[in-house]
Structure formats: structure tokens, C-alpha cells
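Following: one structure in C-alpha cells, then a few remarks.
The values are calculated or read from the model by the stated rules, or taken from the named source; none is laboratory data. Owing to the predicted nature of the structure, the values given are computational and were not obtained by experimental measurement. Because the Cβ atoms are built from the backbone with ideal geometry, glycine has one as well, and the counts that use them run over all protein chains shown.
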Amino acid sequence: MDQVQEQNANHEKAVEVRMGGRTVRADLAVPESACGVVLFAHGSGSSRRSPRNRYVAEILQEAGLATLLMDLLTPEEEAFDAYTAALRFDIGLLASRLVEATRWLHDQPLTAQMHIGYFGASTGAAAALVAAAELPILVAAVVSRGGRPDLAGKALWRVAAPTLLIVGGRDSTVLELNRQAFAELPCEKRWKSCLVPPTCLKNRGIGSRSPTDKERVCPLLESHARQTAGSSQARPGMIAFDGRIYVRGSQQ
């Protein structure tokens, strides 16, 4: 069940996605005649309010795709992570949230018949690939933007959904990590290294883009989603939280 808190002119609803005994907050937008829905997995230390992801979501909505921007952590977990920076690197936890959110979308009347794709950034890209490996029938496509797909580990070998990796051309470290992960993927895959204009994605919010931004970004995202829409598939220094032990910045 979702609790609708508000709805704007762009068909966006604030919802709560319940996962067992936990609840995460999300924003669901379903344009008229939408044929698919893109679930966003934000990067480390971010949230559903990421200006970059919201900017991309607006473009996809204009292209006729529904979007779900969600927090991967509960408010309590966010507070803990703000101090330890541990949960943002817990790929298993983040992936499990995406799996539950995917099943939630599959159960909602508005999105039950839609193909589902993932758009992941930073550590969210790794979580998206792990979740896609767990749900080969439900997940139709995966897009990684500046992501860390290498953190998906051996789950890369089980990804069946067509995957697009987008990497900044000047980020040599992330470029190499993406190349290594790309080689491990057995699925249909595409690679795009590009220099995205700063006015296009960086520090942009909804309504602040130029008229040409859609032409710059949509060919990489909307076309990939549509082309794949038919696819099937406590010692010193440690802190205890939710039954697990963390060191600042890592999980034990």
C-alpha cells in the first residue's frame, strides 16, 4: 500500500514503499500512456531529491516513461549513515531495497503492466545490477551513470537485462573500473564514454534546463529504455546498528 501525500500537475505522487517492517519515501510520476517505468537508484550519500536524477527523471517523463525516485535508506538509517558513511556502501542492503521496490511497482495498479528499468548512479549502479541479477524476468534494462558497477561483484555474471554504462570521459579511475565490469557482463550491453556539458547534468534542478538538453541526454537514456522494453528479464572504532557491526565507511 502507498500513502499519497501530494500530487502535482506532472502526475507526481509522494508515496511510501513498505518493505517488511520498514518504510522508505519515494516520488512516483506516471505520465499518460506511459509504457514503462524507470526506478532510480541514487548514489552514495544522496537521496531521492538528487538534482541530477530529478533532471533526468523529468526528461524521461516528457518522453512518456514513468519514474520512481526513492530513498534507499529509512530516515533512521540515513542519520546513521551520515555519521558512519557505512550503509551507502552496503550494496547487498541497497540491492534488497531495489528488489522490494520493483515488486512494489509490479503490485501497483498504475505500473503493474509496465516494463521496469533501473537508472543507477555511483554505488546505486552496483545495487541496480545486483537487483537485476535477482529479478531477471521483471527488470527489462539497466542504465549506469558514472556508476561503480564493479561493486556488484560476481552478480555481474548473472545480469540478463540489457545494460548501458555511461561514464565521464575525464574520470580515468571510474573509466577503468567500468571497463572491467563491462567485460564481465554476459548480457546485451553498450558502453558510452562522453563529456556531458556542465549545464546539462551538473547541479541542475527541474525547470532549470535549456531547450537543447533533451536532445543531448534523451538519445542515451530514453532510446535505450524503449529499445529494451520488450525484454523479459563492537570493538573500538566499531558501531553496532540494526544487528550488524560497522566501521566508519565499511561494513563488517
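Filtering segment 43-90 down to residues that are small (Gly, Ala, Ser) and in a helix (DSSP H, G or I), which residue is modelled with the highest pLDDT?
The first filter runs over segment 43-90 and keeps only residues small (Gly, Ala, Ser), leaving 43-47, 50, 57, 63-64, 66, 79, 82, 85-86.
Still in the running and in a helix (DSSP H, G or I): 57, 79, 82.
Details: ALA57: 89, ALA79: 84, ALA82: 82.
Going through the qualifying residues, I end up with ALA57.
So which of ALA133, ALA126 is in contact with a Leu (Cβ under 7 Å, 6 or more places away or on another chain) and modelled with pLDDT of 95 or more?
ALA126
Report, by residue number, each residue of segment 47-59 that is within 25 Å of LEU156 (Cβ to Cβ) and either in contact with a helix residue (DSSP H, G or I) (Cβ under 8 Å, 6 or more places away or on another chain) or of a type in the set (A, V, I, L, M) (or both).
ARG52, VAL56 - these are the residues of segment 47-59 that are within 25 Å of LEU156 (Cβ to Cβ) and either in contact with a helix residue (DSSP H, G or I) (Cβ under 8 Å, 6 or more places away or on another chain) or of a type in the set (A, V, I, L, M) (or both).
Among the residues of segment 26-72, count how many are under 14 Å from the mean Cα position of the chain (by Cα) and more than 25 Å from LEU151 (Cα to Cα).
Qualifying residue count, segment 26-72: 5.
Of the conditions (1) touching a Leu at 6+ places or on another chain (Cβ under 7 Å); (2) small (Gly, Ala, Ser); (3) over 18 Å from VAL38 (Cβ atoms), ALA183 satisfies every one except a single condition; which number is it?
The single condition ALA183 does not satisfy is (1).
Pairs needed: first member in segment 25-54, of a type in the set (Ser, Thr, Tyr); second member anywhere, part of a helix (DSSP H, G or I); C-beta distance under 6 Å; at least 6 residues apart or different chains.
Correct list of pairs: SER44/ARG88; SER44/THR123.
In this structure, is THR102 hydroxyl-bearing (Ser, Thr, Tyr) and either part of a loop (DSSP other than H, G, I, E, B) or at pLDDT 95 or above (or both)?
In short, yes.
Would you confirm whether any residue within segment 84-95 is among the aromatic types (Phe, Trp, Tyr) and either buried (at least 23 other Cβ atoms within 10 Å of the Cβ) or touching a strand residue (DSSP E or B) at 6+ places or on another chain (Cβ under 9 Å) (or both)?
Yes, that holds for at least one residue.
So which residues in segment 11-42 are polar (S, T, N, Q) and either touching a strand residue (DSSP E or B) at 6+ places or on another chain (Cβ under 6 Å) or at pLDDT 90 or above (or both), if there are any at all?
Across segment 11-42, the qualifying residue is only THR23.
Looking at segment 16-35, which of the residues that are touching a helix residue (DSSP H, G or I) at 6+ places or on another chain (Cβ under 7 Å) and surrounded by 21 or more Cβ atoms within 10 Å (Cβ to Cβ) is nearest to TRP104 (Cα to Cα)?
My answer is VAL17.
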